[in-house]
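The values are calculated or read from the model by the stated rules, or taken from the named source; none is laboratory data. Just so it is clear, the model here is predicted, and its values are computed rather than measured. Cβ sites come from the backbone with ideal geometry, for glycine too, and all protein chains shown count toward neighbours. Heavy atoms of the whole protein, side chains included, go into the accessibility calculation; ligands, DNA and RNA do not. Shrake-Rupley method; radii C 1.70, N 1.55, O 1.52, S 1.80 Å.
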Amino acid sequence: MPAAKTIRAIGHRTINAVWRIGMATRFFFLTLMYSGSSFRRFHLIIKELFSTGVMSLIIIVVAGLFVGMVLGLQGYETLKRYGSESALGVMVALGLVRELGPVVAALLFASRAGSAMTAEIGLMKATEQISAMEMMAVHPIARIVAPRFWAGIISMPLLAALFSAVGVFGGYFVGVVQIGVDEGSFWAQMQAAVDFEHDILNGVIKSFVFGTAVTVIALFEGYDAPPTAEGVSGATTRTVVTSSLVILMLDFILTAMMFGGS
Amino acid sequence: MERTGIDLWVGMFVVAGVAALVMLAMKVGNLGTYNVSDAYQIHAYFANIGGLKATASIKSAGVLVGRVESISLDTQRYEAKVVMNIDKRYQFSRDTIGKILTSGLLGEQYIGLDVGGDTEMLKHGEQLKKTQSAMVLEDLIGKFMYSKAEEPAK
């Protein structure tokens, strides 16, 4: 009976997914619980900040520049029809600060730093470094997971802010320097329209939430990966796919809460 | 604790991130724009404020002189009460007229102050007596249509 088999497979997958969500939640709280000791050894967090934050700088800055430039071009083309090219600054800044900055930076962060985290921890597990640590009475979550978690949370808002800032300059470059939109109205309208609390702070909150989600998913997938070469590669793929979807889903929820209906 | 190259890189990363945030707040956002620190308050009643919002600018001769502090409906008069913060450096006569104007055709609305000839100046807590409400496009069109309808057919 192929139908029964399909239904059984669907049910199995659903139960499995719920199971993993539960495990990930427990893993998240365990990480929070063991975070205290990683703050006492702050050099571990610094080391992870280097590999997650500093190493993601180039991709974030270059991507931000190009996204800002594209926004400048496309925004100009659209706004020109309504004769309001001077609102280009508003469009570029609001688009970046509210949405594209946090979301695209988080997507890049997931594929640049998240996948690396999963692969690293998965390989540690495959080569039994984690079991060795447990034998030495070092809790692997406190030693390996928690520093990476905090490094991810700290670096994500900073990366998103850099992305938006560089993007605004990209939009400025295309709009003002190349196309010739009036520089004064570009900045003045932007400053009049972008509110610090409503737009910038909400963008920072978004990137903070995305950073938490991406690092938790990446660390959990790595920690839970089957200790084989195949298992680690599968876990890395799952990290990128799951965290990208979760980022976009969370973005909708957060946007609806922050900007919806007002 | 010894210093390592990583510390320098991480330090630079954090500084760059914070600088980006500050730049967003100051240059992109409205935190860096004109803050009325040393100000006195006056208020005015408008029959209709149109799309005026709190923090909207107050200009006189095109120069930014203050910000709208709050807007509320006065249920005694059923008019909008607008409280304004005006920079202490600028004094206005008591017969100053407050108008709600629009910057550009579709721009944001602001309050324009037209100074009169009174020698006495407005003090903290006083009221602008003369005001002019915002132009509401529907009213204008309505008036125009009525005046057209009243004209005798040719």
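Out of the residues in the range A:195-215 that are assigned to a helix (DSSP H, G or I) and of a type in the set (Asp, Glu), which is least open to solvent (accessible area, probe 1.4 Å)?
Filtering the range A:195-215 for residues assigned to a helix (DSSP H, G or I) gives A:196-215.
Next, from what is left, pick out any that are of a type in the set (Asp, Glu): A:197, A:199.
Numbers: A:Glu197: 127, A:Asp199: 3 Å².
Within the range A:195-215, the match that is least open to solvent (accessible area, probe 1.4 Å) is A:Asp199.
Scanning the range A:17-36 for residues that are crowded, with 16+ Cβ neighbours inside 10 Å and more than 22 Å from the chain's Cα centre (by Cα) yields a single hit, A:Tyr34. Filtering the range A:69-97 to residues that are more than 12 Å from chain B (Cβ to nearest Cβ) and more than 16 Å from B:Glu108 (Cα to Cα) leaves A:Met69, A:Val70, A:Leu71, A:Gly72, A:Leu73, A:Gln74, A:Gly75, A:Tyr76, A:Glu77, A:Thr78, A:Lys80, A:Arg81.
Look at B:Met145 and say whether it is more than 15 Å from the chain's Cα centre (by Cα), aliphatic (A, V, I, L, M) and under 27 Å from A:Gly83 (Cβ atoms). Against the criterion (more than 15 Å from the chain's Cα centre (by Cα), aliphatic (A, V, I, L, M) and under 27 Å from A:Gly83 (Cβ atoms)), B:Met145 qualifies. Only one of the numbered conditions (1) small (Gly, Ala, Ser); (2) touching a residue at least 12 places away in the same chain (Cβ under 8 Å); (3) farther than 18 Å from A:Ile45 by Cα is violated by A:Gly180, and that is (2). Annotation: of all residues in the range B:105-130 being open to solvent by 80 Å² or more (accessible area, probe 1.4 Å) and within 14 Å of chain A (Cβ to nearest Cβ), the one that is modelled with the highest pLDDT is B:Glu108. Counting the residues of the range A:37-83 that are surrounded by fewer than 18 Cβ atoms within 10 Å (Cβ to Cβ), more than 24 Å from the chain's Cα centre (by Cα) and at pLDDT below 90 gives 7.
Residues in the range A:137-194 that are more than 14 Å from every other protein chain (Cβ to nearest Cβ), under 27 Å from A:Leu71 (Cα atoms) and open to solvent by 10 Å² or more (accessible area, probe 1.4 Å): A:Phe173, A:Val177, A:Gln178, A:Ile179, A:Gly180, A:Val181. Criterion first (modelled with pLDDT under 90, within 22 Å of A:Ala213 (Cβ to Cβ) and crowded, with 24+ Cβ neighbours inside 10 Å) does A:Ile121 satisfy it? The answer is no for A:Ile121.
How many residues, within the range A:32-61, are more than 14 Å from chain B (Cβ to nearest Cβ) and farther than 30 Å from A:Ile141 by Cα?
Residues of the range A:32-61 more than 14 Å from chain B (Cβ to nearest Cβ): A:32-39.
Going one step further and asking which of them are farther than 30 Å from A:Ile141 by Cα, we end up with none.
So the answer is 0.
For the range A:99-156, the helices (runs of 4 or more DSSP H) that sit wholly inside it and include 2 or more residues that are among the small types (Gly, Ala, Ser) and in contact with a helix residue (DSSP H, G or I) (Cβ under 6 Å, 6 or more places away or on another chain) are A:101-109, A:115-126.
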